[in-house]
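The values are calculated or read from the model by the stated rules, or taken from the named source; none is laboratory data. As the structure is a computational prediction, the values presented were derived from the model and not from experiment. Glycine also receives a Cβ, built like all others from the backbone with ideal geometry; neighbour counts cover every protein chain displayed. Accessible surface is based on the protein model in full, side chains and every heavy atom, while ligands, DNA and RNA are left aside. Shrake-Rupley method; radii C 1.70, N 1.55, O 1.52, S 1.80 Å.
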Amino acid sequence: MVRMPIGRWCRATLLAFSVAALLGGCQQEQSDVEPDRVVAEFIERMQRVHGERKNARAAYELLWSEARRNLAERAKRASDVAGREIAPEEMLPPSRFSLHHKPRRFEARIDGDWAEVTVTGEDSAVDRVKCVREDGNWRVVLELPPLPPIERRLDGGL
């Protein structure tokens with residue numbers, strides 16, 4: 001067994017953690033540089049949600065601003081009804097973005113700040129996913145139905 005002085009061991013450990021953090025940060029950053037990458041990452045993140053709030057938050061962060069606003073309003077309304085705070089990512093509907101096949105290939109067609117990613121599955125099935133560039137990063141366009149206005153009863157609900 002080779003013994004390393006504690007100072008060198010601490011520096012080596014710190015260096016290893018720094019490199020790991022740097023590499024992890026680079027990988028995270030690169031996932032939204034191209035529309036096909038952001039779609040692939042979104043699919044991976046959605047497959048990990050299964051009621052896990054942290055995983056749902058990771059998928060939520062890849063959505064375009066319109067979907068995040070819609071989910072935030074849904075969460076606010078649900079919180080009012082439930083009597084507890086519900087986070088926007090908890091409103092992510094996995095069924096609205098479910099795959100019927102395992103993705104094999106991603107191809108992006110970019111037109112300015114908009115893109116369409118064709119996802120081809122192992123069984124040759126094809127899905128198309130829209131993306132938009134917001135603040136220099138690609139985001140997945142998840143179109144959710146608009147929320148109806150909140151109705152206010154004049155009689156106070158009596």
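Bridging of K130 to lysines at a Cα separation below 26 Å is possible for K54, K102, once same-chain residues fewer than 8 apart are set aside. Only protein atoms count toward the accessible area here, which uses a 1.4 Å probe; on the stretch 100-158, the carbon and sulfur part of that area reaches 48 percent.
In this structure, R48 and E151 have a Cβ-Cβ separation that, at R0 = 35 Å, corresponds to a calculated FRET efficiency of about 0.40. Over the stretch 51-144, accessible surface divided per residue gives 60 Å², non-protein components excluded, 1.4 Å probe. As a calculated quantity, the FRET efficiency between H101 and D135 at R0 = 35 Å, using C-beta atoms, amounts to about 0.65.
For K76, neighbours were defined as the other residues whose beta-carbon sits under 11 Å from its Cβ, and their charges (Lys and Arg +1, Asp and Glu -1) total 0.
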